[in-house]
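K.L.:
Dropping a structure here in structure tokens format, bear with me for questions.
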Amino acid sequence: MFDVLIIGGGASGMSCALVLGSAKNQTYAKYKQIGIITHQKTSHLQNALFNNVLGLNPGTTGAPILENGKLQLATLYPHVQQIDNEKATEILKTKQGFLVKTNKTEYTAKLVVVAVGYTNLMTIEGLEDYIEPHPRAKIEKNRIWLKNTDHKIEENLYVAGTLAGWRSQFAIACGSGAQVATDILTLWNGGEHTKVHDKVVV
Ligand SMILES: Cc1cc2nc3c(=O)[nH]c(=O)nc-3n(C[C@H](O)[C@H](O)[C@H](O)COP(=O)(O)OP(=O)(O)OC[C@H]3O[C@@H](n4cnc5c(N)ncnc54)[C@H](O)[C@@H]3O)c2cc1C
């Protein structure tokens, strides 16, 4: 059983995975099983061109960010299990947490983070009750969000990125994924606020 399973390998999902993975030396996160379904085919990063993101060279395109993100996660935090070539199809609540079904198999998880983007093509069964028109997008675009409070849809079920109701900017999506990760780390830390910072050693 995963302690946390992230669904979606775009901006918010990958950011969430990286921050969770980076807590590997913290006692409260040491033996946690972290997984991410790294589906990237329909990420809005696939055809994005970035000139307005701090830290990215102007002209950076989104597709290599996706590929490099998976490589960064595998290299730095190999304990985070990347599940490739699968797509979530259903989320069911169980006594222990959640059962996540994909087009190939199924996984159990105590916590789930849904980070699949805000298009109305999102078709994961079990989330219908939370789908509403996106509160911060043009109505004619038919964007959706999963109704949540501070990224929490219900106990142990989180949403991140544009699907959480944020506007579509890369930095906001990454920040949303990082926020969910630190909320989960705080939960694992018994409610005591926490974050993960690496420092330059002088
Ligand atoms: C053409 C274009 C240009 C852009 N230019 C800029 C810009 O200049 N500056 C800027 O700041 N932002 C820009 N953006 C916005 C930026 O790309 C988005 O804000 C960001 O990608 C949103 O992140 P997200 O995690 O919410 O969604 P996404 O990055 O779209 O990630 C969602 C992920 O979920 C996966 N997924 C979907 N369904 C499932 C499923 N059932 N199971 C598992 N996984 C699933 C998808 O494959 C995808 O990887 C641009 C976007 C586009 C489309």
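The values are calculated or read from the model by the stated rules, or taken from the named source; none is laboratory data. As the structure is a prediction and not an experimental result, all values here were calculated from the model. Don't worry about glycine lacking a Cβ; one is built from the backbone with ideal geometry, like all the others, and counts go over all protein chains shown. Areas reflect the complete protein model, heavy atoms only, side chains present, ligands, DNA and RNA absent. Shrake-Rupley method; radii C 1.70, N 1.55, O 1.52, S 1.80 Å.
K.L.:
Any idea which residue in the stretch 124-158 is nearest to Ser176 (Cα to Cα), counting only those that are open to solvent by less than 60 Å² (accessible area, probe 1.4 Å) and part of a strand (DSSP E or B)?
P.N.:
Tyr158
K.L.:
Would you mention how many residues in the stretch 173-202 are buried (at least 17 other Cβ atoms within 10 Å of the Cβ), β-branched (Val, Ile, Thr) and either out of contact with any strand residue (DSSP E or B) (no Cβ under 9 Å at 6 or more places or on another chain) or modelled with pLDDT under 95 (or both)?
P.N.:
Residues meeting the conditions: 3.
K.L.:
Taking the stated definitions as given, is Lys104 basic (Lys, Arg) and in a loop (DSSP other than H, G, I, E, B)?
P.N.:
Taking the combined requirement at face value, the residue satisfies it.
K.L.:
Would you call Val100 near the ligand (Cβ under 10 Å from one of its atoms), among the hydrophobic types (A, V, I, L, M, F, W, C) and over 21 Å from His44 (Cα atoms)?
P.N.:
yes
To keep it simple, each residue is scored yes or no on (1) away from the ligand (no atom under 16 Å from the Cβ); (2) among the aliphatic types (A, V, I, L, M).
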| position | (1), (2) |
| --- | --- |
| Arg136 | no, no |
| Asp150 | yes, no |
| Glu154 | yes, no |
| Ala164 | no, yes |
| Ser168 | no, no |
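K.L.:
Just a yes or no: is a residue in the stretch 23-34 closer than 18 Å to Gln179 by Cα, at pLDDT 95 or above and part of a strand (DSSP E or B)?
P.N.:
So far as the stretch 23-34 goes, yes, one or more of its residues are closer than 18 Å to Gln179 by Cα, at pLDDT 95 or above and part of a strand (DSSP E or B).
K.L.:
Here's a follow-up. Looking only at the stretch 35-72, count how many residues are assigned to a loop (DSSP other than H, G, I, E, B) and open to solvent by less than 30 Å² (accessible area, probe 1.4 Å).
P.N.:
Residues in the stretch 35-72 being assigned to a loop (DSSP other than H, G, I, E, B) and open to solvent by less than 30 Å² (accessible area, probe 1.4 Å): 5 in total.
K.L.:
Note down all Cβ pairs under 8 Å where the first residue falls in the stretch 42-62 and is of a type in the set (A, V, I, L, M, F, W, C), the second is more than 6 Å from the ligand (Cβ to nearest atom) and assigned to a loop (DSSP other than H, G, I, E, B), and they're at least six residues apart or on different chains.
P.N.:
Leu49/Gly59; Phe50/Leu56; Phe50/Pro58; Phe50/Gly59
K.L.:
Given the structure, is Ala48 within 6 Å of the ligand (Cβ to nearest atom) and over 23 Å from Leu5 (Cβ atoms)?
P.N.:
In short, yes.
K.L.:
Considering the stretch 92-123 alone, what residues qualify as being buried (at least 20 other Cβ atoms within 10 Å of the Cβ) and either in contact with a Cys (Cβ under 7 Å, 6 or more places away or on another chain) or farther than 25 Å from Lys24 by Cβ (or both)?
P.N.:
Scanning the stretch 92-123 gives Val113, Ala115, Val116, Gly117, Tyr118.
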